[in-house]
Every structure is written in C-alpha cells, then in structure tokens.
There are 2 protein chains.
Amino acid sequence: MEKLRVPALSYAMETLHVLNHGGLLLASTDKGGHYNVMTIGWGLLGTLWRLPFFLVAVRPSRYTHGLIEATGVFTVNVPAKGMEDITDFCGSVSGRDVDKFKEKGLTALLGKNVKAPIIAECPINYECQVLYKANIQREGLHEKIVEAIYPKGSYHTLYFGEILTAWADPDAKERIPL
Amino acid sequence: MEKLRVPALSYAMETLHVLNHGGLLLASTDKGGHYNVMTIGWGLLGTLWRLPFFLVAVRPSRYTHGLIEATGVFTVNVPAKGMEDITDFCGSVSGRDVDKFKEKGLTALLGKNVKAPIIAECPINYECQVLYKANIQREGLHEKIVEAIYPKGSYHTLYFGEILTAWADPDAKERIPL
C-alpha cells in the first residue's frame, strides 16, 4: 500500500498520543548511508518561524547525536499496534553495537527530502531538517527539572527539525494504538 | 457552562490548527495582577522531561516578555469562531498602550494553578509554568531562518511551559474554527 503525503500537522493528536504510550522511532543516518533508530518518549510538534516543526531532544552520549550532528536531518516514525517489542528494543540497545534495522527486520525507505530513512512499517512518518539546535543550558532550567532529570548534568541537545514532508498510510488511524 | 479539566494534550490537533489559522491568545500577568494578552501564530506542543509542555516564543521587545520574566507563568487560549477581530486586535496593539481585556470585553478567569488569567470566551485553555527558558542563539540557526526572520537580530526567547492544567468547554470542538 502506497504512503500518502499529508499536511505536516494533520496527525498531531495520534503522534503525541503514541509518543506518550510506548514511544516513537527517531531514525538517522551517517554520511555513508548507515542508518540508526532509537526510541523517544519526548518531542514537541507545532509551528515556528512560519514552518511546521518537530523538536526532539538527544543526549550527546547517544549514537544518534553524532549522526544528526553530521547530517543535520532525521525522521520521526509512529509505530503501529504490535510493534511494541521493536520500540522496547530500540530504546534499550545502542546503534554502536547493533544494526537495529537489520536485527528487527525494519524496512528503510529513502526519504523524499532528507537522506535519513523513513520506516516502512510505521504508518506515519516525518522527514525533518534541523533549522535550529541548542544545548540545554543549566541557568535557564527550573530546579525541579535539574533534580528530576539532570542530577549528573549531561544536558540534552534540542534539535528543531522543519517537517519537510509528512507521510501516512491510508489505514494509519486504524493501525495506531489509540 | 462550566469548563472541564481535560488531559493536557487531548485537544492538540484543534489547538495546532487554530494556531495556524488566525492564532492563539497568550495571556500573562504582572506581579500586581495587571493582565495582558497577545496573539501568537507560533508554538509547539508535546511532552518533554516526562511532562506535557507548551513552548512559546516571545521577542524581548514585547510587553508580554517582561510579564513572563517577572512571574514565570502564562496561559494559552484557543479562540472560538467569531473572535477573529479579537485575535487581529491583540496582535496589532501593545499592552503598554491599551488594556486589551477591557477594550475587547474579555473575561479573565483566575487560573487554578497559575496567576496568569485564562480567557473565559476561549473554549480551550492551557495554564503553564515556565520550567525552561533560553534565548535563541545565532550560532545554532540555519541561514534560511536568519535571513527570513532575524535580518536585524532581536532573537526570540523560548519559554517552555509545563501545562499544569488544561481546560475545555463541553462544546469546544463545535466552537473551534476547523
């Protein structure tokens, strides 16, 4: 079944729901076309600078961090019902050690506008180009977040990715775990 | 009609739609309880640090900027069909010159968890507390955004507001201009 190009924010509710219930798959690539994917439970979606954006937060220690730094692109993919073992797996092992696409039999489709892959098995996909990035700065943080999330520092980098293209399978709404 | 407390992200689609079609109303207060409201067309919605967030961007030159700096809170309010003249007005005059609540007959309700007011006439409302703030830094920006938005500098401050409470009127979906 062919994926359809959809308005960037038309599946926002479904996407934020799955973000909070199991997580989304953040895919990236190095310059040689070697792909990686990690599970994310955090992200913001909306409009900034008159453009649709997906903000993701990645710690510098993550393998994905180096890939986004090298290429300036990523994709976000919303897994379907039944893919829970894949989101669990992709959130627990590093792409430094394992080829997660291969290990889990995920199909990488070439993005239309970015070199990072979109994941065929995921019914909703966002192709993003980083237009702004910034490391979290200690001085702007409320103590509550410092204590809960950053007791040892290791602040996330925020990547503001313009959504260049959004895709959905025709049956995306039925396949999302709502 | 009584406003109902709703899950923080349950009206994400409606909120982002109106953000892109006319704008939302960002309300704030000074320490003395003097309110202001401005129209915003930019914002991001989602989850960060395990909490629901509304990110808004405010230029330091805005009256609202000083209020959020002073109190650390704001609300975002989704206007109903028929409030277009109010969003136009609140986007074109400064709270330094005009009491926009009074001028437009808006009803300020006291927030449950923040001192900033929510707007009774708006069918969806978010009460937010700033847990992170940062000024946009030139070095992290793509040239495309510098040229389009910041030819003269005056970078926005990003306010990451935890959504402490979200409210919706029972007929919110029918009153939103979808």
(request) Tell me which of these A:Glu84 doesn't satisfy, since it passes every other one: (1) under 30 Å from B:Ala148 (Cα atoms); (2) touching a residue at least 12 places away in the same chain (Cβ under 8 Å). (result) (1)
(request) Could you run through the stretch B:150-168 and say how many residues are crowded, with 20+ Cβ neighbours inside 10 Å and either within 11 Å of another protein chain (Cβ to nearest Cβ) or not β-branched (Val, Ile, Thr) (or both)? (result) 9
(request) Give the residues of the stretch A:88-112 that are modelled with pLDDT of 95 or more, touching a strand residue (DSSP E or B) at 6+ places or on another chain (Cβ under 6 Å) and within 24 Å of A:Arg5 (Cα to Cα), sorted by residue number. (result) A:Phe101, A:Leu106, A:Ala108, A:Leu109
(request) Starting from residues that are farther than 10 Å from A:Cys128 by Cβ and surrounded by 24 or more Cβ atoms within 10 Å (Cβ to Cβ), keep the ones in the stretch A:44-66 and report whichever is farthest from the other protein chains (Cβ to nearest Cβ). (result) A:Val58
(request) Please verify whether the stretch A:88-105 includes one or more residues that are in contact with a Cys (Cβ under 9 Å, 6 or more places away or on another chain), more than 10 Å from chain B (Cβ to nearest Cβ) and surrounded by 20 or more Cβ atoms within 10 Å (Cβ to Cβ). (result) yes
(message) Looking only at residues that are more than 8 Å from chain A (Cβ to nearest Cβ) and of a type in the set (A, V, I, L, M, F, W, C) in the stretch B:1-12, which one is surrounded by the most Cβ atoms within 10 Å (Cβ to Cβ)?
(response) B:Ala8
(request) Just one of (1) over 23 Å from B:Gly105 (Cβ atoms); (2) out of contact with any Ser or Thr (no Cβ under 7 Å at 6 or more places or on another chain) trips up B:Gly32, so point out which. (result) (1)
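Table: residues versus (1) small (Gly, Ala, Ser); (2) surrounded by fewer than 19 Cβ atoms within 10 Å (Cβ to Cβ); (3) at the interface with another protein chain (Cβ under 8 Å from one of its Cβ atoms).
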{"site": "A:Glu14", "(1), (2), (3)": "no, no, no"}
{"site": "A:Gly22", "(1), (2), (3)": "yes, no, no"}
{"site": "A:Ser28", "(1), (2), (3)": "yes, no, no"}
{"site": "A:His34", "(1), (2), (3)": "no, yes, no"}
{"site": "A:Ala70", "(1), (2), (3)": "yes, yes, no"}
(message) Yes or no: the stretch A:95-114 includes at least one residue that is in contact (Cβ under 8 Å) with a residue 24 or more places away in the chain and among the hydroxyl-bearing types (Ser, Thr, Tyr).
(response) no
(request) Return only the number of the condition from (1) farther than 20 Å from B:His17 by Cα; (2) within 11 Å of chain A (Cβ to nearest Cβ); (3) buried (at least 23 other Cβ atoms within 10 Å of the Cβ) that B:Leu141 does not satisfy. (result) (3)
(request) Considering only the stretch B:54-158, give the helices (runs of 4 or more DSSP H) lying wholly within it that have at least 1 residues that are closer than 21 Å to A:Leu45 by Cα and more than 14 Å from the chain's Cα centre (by Cα). (result) B:143-149
(message) Going residue by residue through the stretch A:42-56, is there one that turns out to be small (Gly, Ala, Ser), more than 14 Å from A:Glu162 (Cα to Cα) and modelled with pLDDT of 95 or more?
(response) no
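The values are calculated or read from the model by the stated rules, or taken from the named source; none is laboratory data. Not measured: the values here are computed from a predicted model. Cβ atoms come from the backbone with ideal geometry, glycine included; neighbour counts cover every protein chain shown.
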